[in-house]
Amino acid sequence: MNQSPTFFRGKLLVNGNDVTQTLSAVTGNAIDDILVDRFKLVALLGNGSNGSVFLAEDMHLGCQIALKILHNTFLHNTNTIDKVRQEILLARTISHPNVIRVHDFYLAESCAFFTMDYIEGCSLAEFRLDELPDPVPTAEKLGLQLIDAVEAIHQQGILHCDISPQNILIDKQQRLYLLDLGLASALSEVTHQCCTPAYSAPEVLQNASHSKTSDYYALAATLLQLLTNKLPFNQAELAEQLTVKLQSKIELTDLAKPFARWRRFFIENLAAYPQQRCQDVSALRQLWLGSPDNTTSSIRLKLTISMLSIIVISVMLWFGFNQQSLQQEQSSSSEQQLTMPLAMAILPATVQQTDPQHVAIARLVEQVIKEQLRTKNIRVIPYERVATTLQHLGFSQPLPEKQLQDLASLLGADAEGSPRI
């Protein structure tokens, strides 16, 4: 079979008919071994604490697959093998573009292994953002793909338990794949380790307490390493590392300026206690996609206050310029109408409705306008009624004169103000 170059973790392992073996399998298997009369081992892709991953040829289907052979220490532990089998069965139920597709689990006399899609690419640990001309869009895309992958496995009732750069692959199109779903937990009875400590939440290190939020912690630690090219928690001693994590001493000084928008994401999801982190994936995704740093948020808030202040001034100026014509309209009405206050509709200002601070300021401005106009015998139609009527009519600002007249008629307004900024 003519093979194209295969890259894994930054090393060229296979090129045409020349095989460069840079690793020895911890499982004792070798190139050209044939397993269960079907899978021929072609190249060793990598070793881990749980076993070895090979590129293999499926001789029945005539295609290449990845094949993970578990370490021999697991082979005769029936309970562990059963747990692995259950995790593989669960993993097979997941069909998602960012989760590696798992095929089958095999238990032979000499080894236990499972097969999965072969991805030509590198691990996230080897992927370098700083080599890209514009790294921010790529960082955002990879982070979103990882969040989507974690959401997919959680929806199937699977906790990954060992999210780390080594368990994530990136192909040539920068598509991300999450690997080894739940495997660390299944093998923990033998390995006595259910995670990669540097990326694990404090509660996992303390008592192996896994949850969605502990997966979010590992996800955040993994993405922080992607952005900084440094291990987030690199203390040599596990006890020291746990102390730092429990104190929420997150080192973000190495977070380059282009990535400052994600400071809040890391502060929240690397918090010491589970209840301090995002509690669901929608909050996690929203924070990743829209978490400006505090400086940017403060600037936006100040701009919003300034713009809404201009609205107040604009409305009062509008009233000053139009006061004479309003009085003339009143003088032409009946005596009963003269005693009634004029009704005025102020079109809602454009604010970020998803930002509670901005909405609160808009409501405050409305109250100021009401108080100012009430002394001049002007009644302001409630904001909610104006906004709801606009929505029902399907009108969007700025309104043409005809739509303004229709709106005023429906609201019973004698006048309408439409300050533009």
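Descriptive notes on the structure:
- Cα-based convex hull volume of the stretch 121-291 per residue, rounded to whole Å³: 111 Å³
- For residue 156 and residue 276, a Förster radius of 30 Å and the Cβ-Cβ distance give a FRET efficiency of 0.70, rounded to the nearest 0.05.
- The modelled label-to-label distance between residue 103 and residue 175, using points 7 Å beyond Cα along the C-beta direction, is 1.7 nm.
- Label sites at residue 136 and residue 33, each approximated as a point 7 angstrom past Cα along Cα to Cβ, lie 4.9 nm apart.
- The 3J(HN,Hα) values that the Karplus relation (6.51, -1.76, 1.60; θ = phi - 60°) gives for the stretch 151-167 are, in residue order, 4, 4, 6, 5, 5, 9, x, 9, 9, 5, 6, 8, 5, 7, x, 6, 9 Hz. Gly and Pro appear as x.
- Extending 7 Å from Cα along the Cβ direction at residue 239 and again at residue 76 yields two label points whose distance is 3.6 nm.
- Sequence-distant residues sharing a close amide H with residue 99 (under 5 Å, placed H): 178
- Amide H contacts for residue 38 (H built 1.01 Å from N in the peptide plane; partners 5 or more residues away or on another chain; cut-off under 5 Å): none found.
- Cross-link pairs beyond the 29 Å C-alpha cut-off, checked among 172/230; 68/212; 40/230: 40/230
- Selection from 276, 238, 208, by position along the positive dipole direction of the stretch 121-291 (Cβ): 276
- In order through the stretch 234-243: 3J(HN,Hα) via Karplus (6.51 cos²θ - 1.76 cosθ + 1.60), integer Hz, x for Gly, Pro: 10, 5, 5, 8, 4, 4, 5, 4, 5, 4
- Sites residue 256 and residue 93, calculated FRET efficiency, Cβ-Cβ separation with R0 45 Å, nearest 0.05: 0.70
- Centroid-to-centroid separation of the stretch 219-236 and the stretch 116-142 [C-alpha atoms, Å]: 15 Å
- Working note: Karplus 6.51/-1.76/1.60 with θ = phi - 60° gives the stretch 274-284 the couplings x, 5, 8, 8, 4, 9, 8, 6, 5, 5, 4 Hz, where Gly and Pro are set to x.
- Under 5 Å from the amide H of residue 51 lie the amide H atoms of 71, each residue being 5 or more positions distant or on a separate chain, with H modelled from the backbone and absent for Pro and chain starts.
- On the basis of the beta-carbon distance and an R0 of 41 Å, residue 120 and residue 209 show a calculated FRET efficiency of 0.65.
- Most to least packed among 209-220, 396-407 [average Cβ atoms within 10 Å]: 209-220, 396-407
Just so you know, all these numbers are worked out from the coordinates, no wet-lab data involved. Quantities reported herein were computed from a predicted structural model and do not represent experimental measurements. All Cβ positions, glycine included, derive from the backbone under ideal geometry; neighbour counts span all protein chains shown.
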